[in-house]
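Below is one structure, written out as C-alpha cells; the observations come after it.
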Amino acid sequence: MESTLQLEIVTPDKVVVSQPVDYVGVPGIEGEFGVLPHHVPLLSALAIGDLYFRADGKTEHVFVSGGFAEVSDNKLTVLAESAERGESIDVARAQAAKERAEARLAAQQADIDAMRAQLALQRAVERLHVASLAQ
Ligand code: ATP
C-alpha cells in the first residue's frame with residue numbers, strides 16, 4: 001500500500017499544488033479535518049482559511065477560499081476560487097484589503113455590502129495568518 005496520497009489544489013487560474021503528501025489538514029466549513037492516505041471518500045465545502053500539508057518531513061501552508069474538497073481513490077482534490085501558498089502571499093496587499101474592508105464595515109453600509117466586506121475581511125485576516133505561518 002502506498003504511504004502517501006496525491007494532493008491537488010486547483011483554482012480557475014492555476015494549479016497551486018500537485019504532489020504526493022503524507023497528511024493534509026483541511027479547513028472544512030464545519031471545522032478542520034485531517035486526511036491521511038487511503039481516506040474514505042468525502043466531499044466537503046471549504047471555509048476561508050489555512051490548509052496545511054506534510055510532505056518530506058516539512059509542513060506547508062496554503063490559503064484557500066471559496067470551494068470544496070473531495071477525497072476519492074487516494075487523491076484529495078481542492079477546487080477553490082482562490083488559493084495561494086503561504087510564501088507567495090503578498091502581505092502588503094492583504095494588509096491593504098484588511099484596512100479597506102474595516103473601513104467599509106465602519107461606514108455601516110447596506111447589509112449586502114457589509115456581508116461582502118465581512119468576507120473580504122476574513123480573507124485578508126486569514127491571508128496574513130497563513131503568510132505568518134509560512135515564515
Ligand atoms: P484584493 O481585494 O486584494 O483583490 P480579495 O480577497 O478580494 O483581495 P480574491 O478575490 O480572493 O482577492 O482573489 C483574487 C485573485 O488575487 C486570486 O487569484 C488570488 O489568488 C489573488 N490574491 C488576492 N490577494 C492576494 C494576496 N494578498 N497575495 C497574493 N495573491 C492574492
Any pair with Cβ under 6 angstrom, 6 or more apart, that starts in the range 64-90 at a residue that is within 12 Å of V10 (Cα to Cα) and open to solvent by 50 Å² or more (accessible area, probe 1.4 Å) and ends at one that is within 10 Å of the ligand (Cβ to nearest atom) and at pLDDT below 95: E81/G66
Number of positions in the range 93-135 that are farther than 23 Å from Y52 by Cβ, exposed (fewer than 13 other Cβ atoms within 10 Å of the Cβ) and near the ligand (Cβ under 9 Å from one of its atoms): 1
Conditions (1) within 14 Å of the ligand (Cβ to nearest atom); (2) part of a helix (DSSP H, G or I); (3) more than 30 Å from S3 (Cβ to Cβ); number of the one not met by S82: (2)
Matching strands (runs of 3 or more DSSP E) fully within the range 1-63 where at least 2 residues are within 19 Å of I89 (Cα to Cα): 5-10, 15-21, 23-28, 49-55
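The values are calculated or read from the model by the stated rules, or taken from the named source; none is laboratory data. These figures come from a predicted structure and were not determined experimentally. Reconstructed Cβ throughout: ideal geometry from the backbone, glycine too, with neighbour counts over all protein chains shown. Areas reflect the complete protein model, heavy atoms only, side chains present, ligands, DNA and RNA absent. Shrake-Rupley method; radii C 1.70, N 1.55, O 1.52, S 1.80 Å.
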